């Protein structure tokens, strides 16, 4: 089974980072042609998602909305103070399944794959395996 | 690897469409017996979910709640005006893994598979691959 | 293909139950070494997630936040009265893909796998398959 790890350095407290090119480069290097590429995020204050990558306003709008959706001013018990980040990790999810066809990701016209930073800036990694 | 595409025509702005029968028909045609069927939604204002399919009120309640959860009246930057739909796409998710046993989906008693339209009505498709 | 079922008895209305050890025991028994373990939750008022397992306050904070995020006081139609539980099932999701390396789950330092009870207490099960 082919597998690898992608590295991401985030610069904001919360942001979506487009990792599509990094995944496609790893797929090209691995000479993978057809199958399913599973991504796994090993961090508890981050996630993985697919969304529109054409207009950068979409990713900032998504972050703006997520900050409204998750309550920041309730009495959390976790002393590290980043419970909203943990909540977002569970809402967005930590694994993704992507289809590969002829050595390329089979994404929709507007789709890009994003690493979701919910407690940055940090150095992060994403593991992938090919089935 | 066996694969296919399911077509869905949605009729509402936001709705859950039961696609369980369409998936099972494709599985039957492909003579698939045991394994994992991965579904992938290539649209950025839609999603895939599993929920109760017996009482149609559950799917309308889910849509009603999602419309309350996502903010509609904040200053979004994306000019197309459908940022809440993109947010819901990331909250619900774009891929699902279903188990197949003896040629049938191995779902729970009340479970059905739903395509989630968050910016309809539109013509949509869902890709699947069998592992 | 190797597969199995894990049993969980929940004790609260809503809670996160750490099922990491149960999955690892099944993997050890199955003599699985390397690949992807897919988990599937067959219930419509429950989910599966990965989050921090070190400080138990994280899981209670996540439940506290989810109860704030989902509206409880809107006019739901589903007569069983547990629509907020169905909404949470779709937000958190019903399948997870975990990587296995050398017979162990390849999780991040702080990650544990949780069954999410959103309508307990109940007797629940989680199916898994190995790819």
All alpha-carbon distances of chain B, grouped into 10 Å bins from 0, give the whole-percent distribution 12, 43, 31, 12, 3, 0
How much length is gained if the chain between residue B:13 and residue B:31 is pulled fully straight, taking 0.36 nm per residue apart and subtracting their Cα-Cα distance, in nm to one decimal? 2.9 nm
What does the structure give for A:112-123 when I average, per residue, the other chain Cβ atoms found within 10 Å of the residue Cβ? 0
With r defined as the distance between the Cβ atoms of residue C:79 and residue C:123 and R0 fixed at 30 Å, what FRET efficiency is calculated, to the nearest 0.05? 0.80
Along Cα-to-Cβ, 7 Å out, sits the label point; list in nm, shortest first, how far the one on residue C:25 is from those in the other copies. 4.4, 4.4
Label point distance in nm, residue A:109-residue B:109, each placed 7 Å from Cα along Cα→Cβ: 4.5 nm
Mean projected area in nm² (Cα convex hull; one quarter of hull surface) for the protein assembly as shown: 17.6 nm²
Run through the other copies and list how far each one's label point is from that of residue C:13, in nm with one decimal, shortest first; the point sits 7 Å from Cα along Cα-Cβ. 3.2, 3.2
With Cα coordinates, the longest principal axis of chain A makes an angle with the long axis of helix A:83-92, in degrees rounded to 10, of 30 degrees
Per-residue average of other protein chain Cβ atoms inside 10 Å, peptide A:53-66 -> 6
I need the inter-copy label distances for residue A:102: point set 7 Å along Cα to C-beta, values in nm with one decimal, smallest first. 4.1, 4.1
Taking only Cα atoms of the range B:55-124, the Rg to Rh ratio with Kirkwood Rh works out at 1.05
Full-extension gain between residue A:20 and residue A:5, please, as 0.36 nm times their residue separation minus the C-alpha to C-alpha distance. 4.1 nm
Taking Cα atoms, how many degrees apart are the long axis of helix A:56-69 and the longest axis of chain A, rounded to 10 and kept between 0 and 90? 40 degrees
Rounded to the nearest 10 degrees, the helix A:20-29 long axis (Cα) sits at an angle to the longest Cα principal axis of chain A of 30 degrees
Peptide A:37-45 - average C-beta neighbours from other chains (10 Å radius): 6
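Read-outs: derived from the displayed coordinates by stated rules, not from any lab. What you see is a predicted model; the values in this text were computed from it and never measured. As a convention, Cβ positions derive from the backbone with ideal geometry for all residues, glycine included, and neighbour counts pool all protein chains shown.
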